[in-house]
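The values are calculated or read from the model by the stated rules, or taken from the named source; none is laboratory data. Just so we're clear, the structure is a prediction, and the values are computed from it rather than from any experiment. Glycine gets a Cβ as well: all are built from the backbone with ideal geometry, and neighbour counts include every protein chain shown. Accessible surface areas use protein heavy atoms only, side chains included; no ligands, DNA or RNA. Shrake-Rupley method; radii C 1.70, N 1.55, O 1.52, S 1.80 Å.
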Amino acid sequence: MGSDLRKFIDSAYWDIEALLGKAPFTVLFTNVAFILLLVLIWKLTSRMTSTGADVRETWSNRLIALIGGLCGWAIGTAFAPYSTDDLAAFQHIGSVVSAFVSGYVVSKLDRFLEQMVFQGSPDRWQKLGLFVASFLLVAITVFINRFYAFNLPAAEITHMLAPPSVIVDITHGMTSPACIAPLLSDWV
């Protein structure tokens, strides 16, 4: 009886791992937390109004949360590419975006912060917190799902993340123990 239960549990775990990737419970926990926190953010958007009943202000808060979530989605996707082609494309896009941000956006950021945050009403900080919370929630969820929920071959993952000095044993579909030491020494 005990060995049958153990076989069932092992089989169920491998089925879940096949469906959700190399860290199935991390993926499940992240997605459950995402749903719960999304509901919390939705409720906060309606309660963060100065009058408590202003419909336009509620939808304005939801728009801020949506923009934060979309920005988080882009960042979460960029930090967890599926392939080396994605990695190259994201690096190119990142260099273009960083040039724009370092030039134009940074020059305008001081005036924006001064006018919107420091001279505005106290609810501006709440709106900024709503944006940041939505951004982080979606960025973390997208990153964890993209990174853990899909079983890429270990050789491809190592090639994307490891420095060039690491050699991958492609014949076994995983990194060999000889590759672990250079990986750790280059990253630590």
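The slack in the chain from ASP10 to LEU36, taken as 0.36 nm per residue of separation less the alpha-carbon distance, amounts to 6.4 nm. On full extension, the segment bounded by GLN115 and PHE100 gains 3.2 nm, given 0.36 nm per residue less the C-alpha separation. Straight-line cross-link reach from LYS127 at under 29 Å between alpha-carbon atoms covers these lysines, not counting any fewer than eight positions away in the same chain: LYS43, LYS108. Based on protein heavy atoms only, the range 1-57 ends up with 78 Å² per residue of surface accessible to a 1.4 Å probe.
Assign unit charges at the C-beta atoms only (+1 for Lys and Arg, -1 for Asp and Glu), then state the dipole size of the range 24-118 relative to its Cα centre in Debye, rounded to the nearest 20. The partial results should precede the final answer.
On the way: 6 positive and 6 negative charges, 62 e Å.
So the dipole magnitude of the range 24-118 works out to roughly 300 debye.
Ignoring ligands, DNA and RNA, what percent of the 1.4 Å accessible area of the range 40-145 is carbon and sulfur? Of the solvent-accessible surface of the range 40-145, carbon and sulfur hold 70 percent.
For the ranges 128-134, 138-144, 10-16, what's the packing order if you count other beta-carbon atoms within 10 Å of each residue, average per peptide, and put the highest first?
Numbers: 128-134: 17.7, 138-144: 21.0, 10-16: 11.1.
Averaged packing, sorted descending, gives the order 138-144, 128-134, 10-16.
Is the shape of the range 1-94 rounded, prolate or oblate, going by the alpha carbon gyration tensor and its root eigenvalues a ≥ b ≥ c, with a/c under 1.5 for rounded and a/b larger than b/c for prolate? It is oblate, given that a/c is not under 1.5 and a/b is not larger than b/c.
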